């Protein structure tokens, strides 16, 4: 609950009023419906009792704080020598015209007992303040005071957490380089391009940069690269095999293109017709698959070697990854032969079953070896 008595004194001193009425407005009649109090409530002690009863019935209702605020205003003005009375008037739970008429009648009833010539309205929001023109019909309003509730602890905590994360985004390099760095780069490029008149082309560039940033963050590419490129023997091995593998994978595309018979690709052929031609796709895959598999194998082998040197217990999964890659090669190769030579689809089953059997046998042997090694370690301990 917050009151600014300095504002009240300023408003009162600016008026000619010498008998003031502090009016607490409860337009939806919470004090009557919840606490069962008949309004108008006249006098300091009666208002204190009404506020206490309402607070006990509904501690979260702001109207009880408004009544206490009106009492505080009354006491401040009494201490400064004013002739003051404090009252609480209420409307109706349905608000509207019925509530305003009730407040007007109660205000007139109060004026019959205390002939004030100025009013100070105390409320907790715009809804209660909407009756000010109604009260002004019978009594000049010299000041309006709104009670603002102090935020709850949970709200304060929410603001504190929000501020903490804002500082983290601004000053923590792990987050600021993405949440501030990427937008900063986009704005800088956009501004420079606008100056030089490249407004049409810059949109594609900005979208590409933003898309790349999202992909890097979504798949943790930056973290993976930082861990792979650490200045250690394992890091150098991973970095070398990664770069070599990526280059080989990229080079598989032109290798596949060069394998395609140029007579199959017509000069006026559309892209959709090219990629749906099984002969062209089969020749492209058959030419790209060896270099593509070598590139992927080099990446997997680099991971296996670096983990083995570093003593990281991931050798089983690393070995199985290489075995699965090799087991899939005959299946993919047979698939290309089916597309190119129109061989029966059933010819795909033998290499598929052979690759599955090799994977299962290898996995069984590796896991047995792993368990035996673990049992020996437990016995030695």
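So the values come out like this:
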| read-out | value |
| --- | --- |
| Helices (runs of 4 or more DSSP H) completely within region 177-230 that count 3 or more residues being over 30 Å from residue 242 (Cα atoms), at pLDDT 80 or above and not assigned by TED's automatic domain parsing to the domain that holds residue 307 | 181-195 |
| Test result for residue 143, within 48 Å of the chain's Cα centre (by Cα) and under 15 Å from residue 22 (Cα atoms) | yes |
| Among (1) at pLDDT below 85; (2) more than 28 Å from residue 342 (Cα to Cα), the one test that residue 244 misses | (1) |
| Within region 96-121, tally of residues that are farther than 20 Å from residue 142 by Cα and crowded, with 22+ Cβ neighbours inside 10 Å | 1 |
| Options 363, 357: the member that is within 49 Å of the chain's Cα centre (by Cα) and at pLDDT 90 or above | 357 |
| Answer from 135, 71 - the residue that is in contact with a helix residue (DSSP H, G or I) (Cβ under 7 Å, 6 or more places away or on another chain) and modelled with pLDDT of 90 or more | 71 |
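The values are calculated or read from the model by the stated rules, or taken from the named source; none is laboratory data. Because the structure is predicted, anything quoted here is derived from the model rather than measured. Heads up, the Cβs are rebuilt from the backbone with ideal geometry, glycines too, and the neighbour counts pull from every protein chain shown.
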